[in-house]
Amino acid sequence: MAERSTAAVDVADNSGDEPLTAKADQSTADGVAQNPERDTESDKAQGSGGIEETEKASPPELHSGHKLARRYRLEECVTRLDGFSSWRAVDEKLRRAVGVHILPADHSRARSVLAAARSSALLGDPRFVQVLDAVEENDLVYVVHEWLPDATELTALLAPGPLEVHDAYQMVSQIASAMAAAHREGLAHLRLNPNAVLRTSSGQWRIRGLAVNAALRGISSDTPQRTDTEAIGALLYAALTQRWPYESDAYGLSGLPKGVGLIAPDQVRAGVHRGLSELAMRALANDGATASRHESACTTPEELVKAIGEMPRIRPPEPAYTAPPEYQRTTYQQGTYGRPSPPGATQVLPTPPPPLQSRTGKALKWAVSALLIAALGLGSWQLADALMDQGNKSEDTKQTQTTDGNDKTGGKTKPVKTLAIQGAKEFVAKGDPQHPNDVDKTYDGDKSTYWRTSSFIGGPVLAPYKPGVGIVYDLGSVQDVSAATIGLYYSGDHTTVKLYATNSLSPSSLDSMTQLGTVTTTGTSATVKVTKHVKSRYVLVWLTALPHADSDQYSDAGYKQAITDVKFTG
């Protein structure tokens, strides 16, 4: 979730023409209405599927300060439509901002919203805004989800103009790949539009409202993959042209001229990348439209991912070189410090003194030259004498001299500093997450709190069931990490810890990372020394083998581990 300016998930949108595949109703999903009037306008721009006809239940009477489950304190109502409301709230237990959707338990869509939220939460893909909780309690149904303060929605990014070519390429690549993964798990979005796509401060693209958005609005589709693929095409079209690919205006973008039909982005705006223009048309080429350049249409996210992979890779632009400012002599160097020249006056530089051309000057030069020659001769004689002396000394003496020489430099060790941790997030390479809400307990300064893994039947090595479990830490800026010290809750045979450098807080896979070091221990502490020095802002602490421990109040007996505290040094 983003702050109010970047929305929670997909407020009722101004939209354009009816898309080629579907319609949507006039309700909303999860988020902030940047223009209150938007909540009452028609929403035909980027919907999908049929709309469930429902009786609108009256929204629950809630107010700022109200608490859900004695934990989630409502702060600000950002949307109130069609019998449900969306809020910015505070999780008082973990002291962080969250977003909350609330419906009456007797709302006709309450069951479907709960089911969609729980299905989305099980996906655990960091490319989607995560559902944190889905509860029915006291005649209310509420869904709690992430709130991303550092993210900006695509709507705001497009306000000043179209995206750069590399940014548009990254956006469509990451969004298509994420939606392909969701559809493999049987999940569709059906409301994928510029309000549902966010870019974080690290440059990663995130999708919000997976399954939940459509359930809140009562949207369904007989062809969900086709619907989501067309939506990705519309996003790319907008990113390239700053125009919405339908006749009506939507999401702060102007629609296409009426009666013209769907035309390629490179015909709408000059300078559009030809390959991306063709890709947008292939994704939008449904229900009678024709793809540009006579390429076959893409009707599923998987086909779109394949088409992107066949394109030549678009590299980021070279950083612009900024020439250093021209050197300026200061008034201090000019000998007028404290006495600035009057405006418009020409500054006169002092004339340098003449060289030593007098008889006395010439004599002084000869004297200095003679002294230098004598000093060089004396130094050469002393050096030769010292070398001959050294050749006559015994092997023991040479060893002593070598030791003395090392002592002079060996004491100059590089100081070690502790690197501050600015944030952290659990990394899920395969399967379900462990306990993502507890990651901040590993660097809160309290060794009695911890993040724990699940209890596994097989071990100590987790593979092939899981490649590992762990947490990505944000050091705030690029750092030269020399070691990591990890406090562990369980001892025993054995815990294996690996350290990786990665390029974001939400990396796509282990293959994109660089391994820095590894260690195996049977105790309650592990120190991983970096063997391959790579500067990085984000570091993954990765557990690949866990010791066996008895059952406790949190989990059954099995192979498990918990991290109490993590410290990085550089």
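Filtering the stretch 148-161 to residues that are in a strand (DSSP E or B) and of a type in the set (Ser, Thr, Tyr) leaves only Thr152. Screening Val172 against (1) open to solvent by 20 Å² or more (accessible area, probe 1.4 Å); (2) touching a residue at least 24 places away in the same chain (Cβ under 8 Å); (3) assigned to a helix (DSSP H, G or I) leaves a single unmet condition, (1).
Is it fair to say Val497 is part of a strand (DSSP E or B) and either at pLDDT below 90 or open to solvent by less than 40 Å² (accessible area, probe 1.4 Å) (or both)? Spelling it out, Val497 is indeed part of a strand (DSSP E or B) and either at pLDDT below 90 or open to solvent by less than 40 Å² (accessible area, probe 1.4 Å) (or both). Number of residues in the stretch 509-538 that are of a type outside the set (Val, Ile, Thr), in a loop (DSSP other than H, G, I, E, B) and open to solvent by less than 50 Å² (accessible area, probe 1.4 Å): the value is 3. All of (1) surrounded by fewer than 18 Cβ atoms within 10 Å (Cβ to Cβ); (2) at pLDDT 90 or above hold for Ala117 with one exception: (1). Only residues that are touching a residue at least 24 places away in the same chain (Cβ under 8 Å) and outside any helix (DSSP H, G or I) were counted across the stretch 262-284, and they come to 5.
Among the numbered conditions (1) modelled with pLDDT under 95; (2) part of a loop (DSSP other than H, G, I, E, B), the only one that Leu216 does not meet is (2).
Across the stretch 539-562, the number of residues qualifying as exposed (fewer than 13 other Cβ atoms within 10 Å of the Cβ) and either under 28 Å from the mean Cα position of the chain (by Cα) or not aliphatic (A, V, I, L, M) (or both) comes to 5.
Scanning the stretch 183-213 for residues that are assigned to a helix (DSSP H, G or I) and surrounded by fewer than 23 Cβ atoms within 10 Å (Cβ to Cβ) yields His183, Arg184. One residue is enough: does the stretch 137-147 have a residue meeting the conditions of a type in the set (Phe, Trp, Tyr), under 18 Å from the mean Cα position of the chain (by Cα), farther than 22 Å from Leu284 by Cα and not in a strand (DSSP E or B)? Yes, the conditions are met somewhere in the stretch 137-147. Residues in the stretch 176-197 that are hydrophobic (A, V, I, L, M, F, W, C) and either more than 20 Å from Ala117 (Cα to Cα) or free of Cβ contacts under 8 Å to residues at least 40 places away in the same chain (or both): Ala176 alone.
The values are calculated or read from the model by the stated rules, or taken from the named source; none is laboratory data. Given the structure is predicted, the values throughout are model-derived calculations rather than measurements. All Cβ positions, even for glycine, are placed from backbone atoms using ideal geometry, and neighbour counts span all protein chains on display. The accessibility values were calculated without ligands, DNA or RNA, using every heavy atom of the protein model including side chains. Shrake-Rupley method; radii C 1.70, N 1.55, O 1.52, S 1.80 Å.
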